[in-house]
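The values are calculated or read from the model by the stated rules, or taken from the named source; none is laboratory data. Since we're looking at a predicted model, the values are computed, not measured. No Cβ is skipped: glycine too gets one built from the backbone with ideal geometry, and neighbour counts run over all protein chains shown. What goes into the accessible areas is simple: the full protein's heavy atoms, side chains included, and nothing from ligands, DNA or RNA. Shrake-Rupley method; radii C 1.70, N 1.55, O 1.52, S 1.80 Å.
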Amino acid sequence: MVGWVKAPQINCLEGSTFMVSDLVGDAAPDPDEVLGLFYRDMRHLSRWQLAIDGERLDTLSNGEPGYASATFFLAGPGSTVYQNPALSVIRERTLGAGSGEDLHEKLTVINSGREEIVVELSMTFDADFADLFEVKDRQLTKRGTISRRVRSHEIELSYQREDFERRTIVHAQGARLSQGAAVFLLRLAPAESWSRALQVSFESVSPRVEPVAAGGPPSSTSNRPQGNHRDQMDAWLEAAPELRASWDNLRHTYERSLRDLAALRLHAQALPEGAAIPAAGLPWFMAVFGRDSLITSYQTLPFVPQLASATLQVLARRQALVWDDFRDAEPGKILHELRFGELTYFQDWPQSPYYGSADSTPLFLILLDEYERWSGDTDLVAQLEPHARAALDWLEHHGDLDGDGYLEYERRNLDSGLANQGWKDSWDSIVHPDGELASLPRATCELQGYAYDARIRAARLAREVWHDNTTADRLERDAADLKTRFNSDFWVDGDDFFALALDGEKRQVRTLTSNMGHLLWSGIVDDSKVDAVVDHLMGDLLFSGWGVRTLAMGQPAFNPLGYHDGTVWPHDNSLIAAGLARYQRREEAGRIALAMLEAAGYFDHRLPEVFAGYPRALTEFPVEYPTACSPQAWAAGTPLLLIRVLLGLEPLGHDLTSKPYVPRAIGSLGLTGVPGRWGHADTPTILTTRAAEAFDRARRRSGR
């Protein structure tokens with residue numbers, strides 16, 4: 001992670017291109033901030049600064065009218081309490097407005113004074129072509145050459161290292177150009193305004209195919225939806241179910257989640273026009289991630305099922321075919337991360353793609369089944385049968401390192417691979433209660449739950465779609481055996497909870513964590529153990545009042561600001577809530593859902609990747625985690641899965657069923673136009689006691 005300083009920022013986002021600027025709209029080199037414009041995992045603008053007569057402007061207001069656009073209202077420099085500004089400037093920025101990858105920035109200068117003014121407006125710029133990993137690690141060591149060339153109305157900045165080349169081209173019609181600035185001399189009469197647009201385009205030139213998994217397709221910019229960003233967003237929102245809710249906070253959070261999910265889409269190669277998968281999050285993770293894309297697609301299935309279809313196809317195409325220690329790849333394994341920057345191109349880093357994830361492969365099988373249950377798309381399940389069988393083979397053989405029937409992980413790339421390969425993938429996340437790191441290889445508990453669920457789901461697909469009863473019977477027997485052994489080997493007698501993991505010596509890692517909530521989601525928990533698990537999850541040590549912590553208070557390893565050792569993760573809580581509902585603990589699921597949705601209101605209706613694990617009674621508001629991604633895909637997917645949990649939505653054959661449990665504080669709740677194999681269906685609108693009382697009061701006031 002990079003630093004702990006977090007300044008106010010405005011983001012623009014379009015596919016693999018994003019820009020992060022300050023509240024003035026500027027970006028400048030700063031070791032504590034991720035400022036600049038990034039394209040395909042490299043920074044193509046490290047400086048983009050507007051000035052009047054060489055001085056920085058003052059912020060009046062700003063906003064993000066769309067995910068790919070931002071607007072900044074600025075005042076000329078030198079304004080004081082005794083002198084009103086006469087000069088104002090509007091910056092209107094849009095990403096991807098042209099036919100390809102580009103940035104458009106329209107500048108408007110207004111003279112509201114009573115006298116003519118003559119000013120020099122300048123835009124200074126630079127490109128350090130830093131790989132995103134160099135920015136993240138604050139280690140900029142370029143091995144190539146940066147050059148600059150000024151032409152009539154444009155400046156080209158380029159970077160070349162052997163056959164790898166990137167270019168940034170700044171177009172500034174009518175400006176006086178130098179290698180690092182575009183300058184306009186303005187003479188404005190009273191009430192006169194001036195406008196001019198700057199355009200920045202980006203190019204990636206690589207004669208050879210960028211490295212991919214064996215058998216995978218080359219990477220390239222793909223087809224994108226046609227029309228402008230507003231039309232695309234309107235179509236996206238219109239296709240999603242309409243939420244009927246009396247709680248303003250929930251309505252705003254729902255819409256914000258849908259908008260963020262639209263913004264985070266990566267338009268993938270070789271899929272039908274418009275198909276896209278969710279990237280993980282801004283700023284560090286605007287890339288294909290197996291685990292994140294799979295979980296986000298699961299969360300959003302009742303709302304935007306096209307994400308699941310695209311995710312399954314993209315990940316299947318990149319499924320590993322061979323052993324590769326550098327990339328931690330094994331046949332049948334689903335990728336963890338895919339990048340296209342300089343460091344992966346030259347194999348300084350393994351993300352081309354990297355397969356260091358022990359959970360992406362079972363999650364692929366889980367999503368494949370869940371997608372078919374909702375969509376009825378048996379054609380895709382039949383098409384992906386070879387990939388599903390390869391994933392099962394990995395699950396049963398390569399993923400079990402010592403043949404004990406459990407999924408374990410241990411990285412083979414010791415230089416740049418991930419030490420932890422479950423969702424809690426920070427280096428210190430799998431620890432004993434005293435903070436001692438668990439020895440390798442590690443078999444975390446939730447991996448076993450995913451493996452169990454993947455077998456059960458693959459058995460259904462084998463029986464009903466692939467017409468292979470022999471495989472289905474075997475998978476069901478193996479799943480039953482796994483469940484029996486797991487409930488014995490991972491259960492901490494006396495303390496009555498599931499161990500976080502088995503370490504390399506097969507010792508229980510007896511740390512109380514949120515991971516066991518995922519076991520409810522997978523269905524691997526014996527009925528006799530459910531009450532104890534739920535009591536721990538909802539007790540004061542794990543439940544902060546805003547959500548379930550990643551690691552319980554009272555243990556030496558606990559830190560409310562530890563990335564995976566005491567914080568609260570929204571997506572973690574959404575899966576826990578779904579697990580509670582699976583075991584008919586609907587009241588507890590409702591408590592988590594309500595807490596999460598209340599927390600969203602404190603984050604401008606956008607749940608962040610993670611927030612601090614302080615007790616609610618201590619702070620009375622959720623405390624921000626300083627370097628959390630926002631927006632982040634599975635955080636954006638969290639409110640959607642929680643709505644599904646509250647309404648108890650489940651596909652049953654060709655029908656959508658609903659068994660709701662909505663906390664009184666939420667009020668009325670329903671959905672119109674839920675997509676699925678039934679076409680589109682409406683849910684009953686649940687009128688809770690609170691909503692019913694409000695309805696009765698309104699009816700009495702109206703005299704009806």
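Determine ³J(HN,Hα), in whole Hz, for all residues of region 358-364 in sequence, where each value follows from phi through the Karplus function 6.51 cos²θ - 1.76 cosθ + 1.60 and θ = phi - 60°; x replaces Gly and Pro.
8, 10, 4, 5, x, 5, 4
Could you provide, to the nearest whole Å², the per residue accessible area of region 621-675 with probe 1.4 Å?
With all protein chains present, region 621-675 gives 30 Å² per residue.
What trypsin sites (Lys or Arg not before Pro) in region 303-376 are in a loop by DSSP, with at most 13 other Cβ atoms within 10 Å of the Cβ?
Here no loop site has a sparse enough neighbourhood.
Explain nothing, just compute: Karplus ³J(HN,Hα) = 6.51 cos²θ - 1.76 cosθ + 1.60, θ = phi - 60°, for every residue of region 102-113 in order, whole Hz, x for Gly and Pro.
Along region 102-113, the couplings run 7, 10, 10, 10, 8, 10, 10, 10, 10, 9, 9, x Hz.
Only loop residues by DSSP count here, and only those with at most 12 other Cβ atoms within 10 Å; note down the chymotrypsin sites (Phe, Trp or Tyr not before Pro) in region 418-460 that meet that.
W427
Determine the gain in length on full extension of the stretch H153-R510; use 0.36 nm per residue of separation and subtract their C-alpha separation, reporting nm with one decimal.
Details: separation 357, 0.36 × 357 = 128.52 nm, distance 6.56 nm.
This chain segment gains 122.0 nm when fully extended.
Rank by packing, highest mean first: peptides 505-513, 38-46, with packing defined as the count of other Cβ atoms within 10 Å averaged across residues.
Put in order of decreasing packing, that is 38-46, 505-513.
Compactness ratio of region 367-524: Cα Rg over 2.2 N^0.38 Å, N = residue count?
It is 1.11.
Show the residues, 5+ positions off or on another chain, whose built amide H is closer than 5 Å to the amide H of G566.
Amide H to amide H, under 5 Å and 5 or more residues apart or across chains, G566 pairs with T550, L551, N559.
Give the angle, between 0 and 90 degrees and rounded to the nearest 10, that separates the Cα long axis of helix 527-538 from the longest principal axis of the Cα atoms of the chain.
Orientation of helix 527-538: about 30 degrees from the principal axis.
In nm, to one decimal, how far is the modelled label at R412 from the one at T141, with both set 7 Å along Cα→Cβ?
Reported label-point gap for R412 and T141 is 2.7 nm.
Calculate, in nm to one decimal, what D531 and D495 gain on full extension: separation in residues at 0.36 nm each, minus their alpha carbon distance.
Difference between extended and current length: 11.7 nm.
Could you go through region 132-148 in sequence order and give the Karplus-derived ³J(HN,Hα) for each residue, using 6.51 cos²θ - 1.76 cosθ + 1.60 with θ = phi - 60°, rounded to whole Hz, and x for Gly and Pro?
Those phi angles translate into 4, 5, 5, 5, 4, 8, 6, 9, 8, 10, 8, 9, x, 10, 9, 10, 9 Hz.
With +1 assigned to the C-beta of every Lys and Arg and -1 to the C-beta of every Asp and Glu, and no other charges, what is the dipole magnitude of region 116-194 about the Cα centre in debye, to the nearest 20? If you can, show how the numbers build up before the last one.
Details: 12 positive and 13 negative charges, 39 e Å.
The dipole magnitude comes to about 180 debye.
In nm, to one decimal, how far is the modelled label at N469 from the one at S112, with both set 7 Å along Cα→Cβ?
Modelled inter-label distance: 7.9 nm.
Just report the Cα centroid separation between region 496-561 and region 597-675, whole Å.
About 21 Å separates the Cα centre of region 496-561 from the one of region 597-675.
Using only the Cα atoms of region 559-687, what are the Rg and Dmax in Å?
When restricted to the Cα atoms of region 559-687, Rg and Dmax are 15.6, 48 Å.
Just the accessible area per residue of region 29-75, please: how many Å² with a 1.4 Å probe?
Value returned for region 29-75: 36 Å² of accessible area per residue.
Considering the values [x] 14, 42, 34, 9, 0; [y] 17, 49, 28, 5, 0; [z] 14, 41, 38, 7, 0, which represents P(r) over Cα pairs in 20 Å bins from 0, in percent as calculated for the structure under consideration?
It is the value labelled [y].
Rounded to the nearest 0.05, what FRET efficiency do D540 and R187 give with R0 = 45 Å and r taken as the Cβ-Cβ distance? Could you check?
0.10
Taking the chain as the reference, fit the longest principal axis to its C-alpha atoms, fit the long axis of helix 689-702 to the helix C-alpha atoms, and give the angle between the two in degrees, 0 to 90, nearest 10.
Taking the Cα atoms of the chain, the angle to 689-702 is about 60 degrees.
For L335, what residues show an amide H to amide H distance below 5 Å, using hydrogens built from the backbone and excluding near sequence neighbours?
Excluding prolines and chain starts, which carry no amide H, the hits are A320.
Between the helical axis of 248-263 and the dominant principal axis of the chain, each derived from Cα atoms, what acute angle in degrees is found, rounded to the nearest 10?
80 degrees
How much length is gained if the chain between D682 and D379 is pulled fully straight, taking 0.36 nm per residue apart and subtracting their Cα-Cα distance, in nm to one decimal? Please report the intermediate quantities before stating the final value.
Values: separation 303, 0.36 × 303 = 109.08 nm, distance 2.59 nm.
106.5 nm is the gain from fully extending D682 to D379.
Hey, got the dipole for the chain? About the Cα centre, +1 on K and R Cβ, -1 on D and E Cβ, debye to the nearest 20?
1820 debye
What accessible area per residue comes out for region 448-550, rounded to a whole number of Å², with a 1.4 Å probe?
On the way: 3620 Å² over 103 residues.
Result: 35 Å² of accessible area for each residue.
For region 259-337 and region 139-181, write down the distance between their C-alpha centroids in whole Å.
32 Å
Can you send over the carbon and sulfur percentage of the accessible area for the chain, probe radius 1.4 Å, protein chains only?
Summing carbon and sulfur atoms, their accessible area is 48 percent of the total for the chain.
Sticking with the crude label model, points 7 Å out along Cα→Cβ, report the distance from A235 to N84 in nm, one decimal please.
4.6 nm
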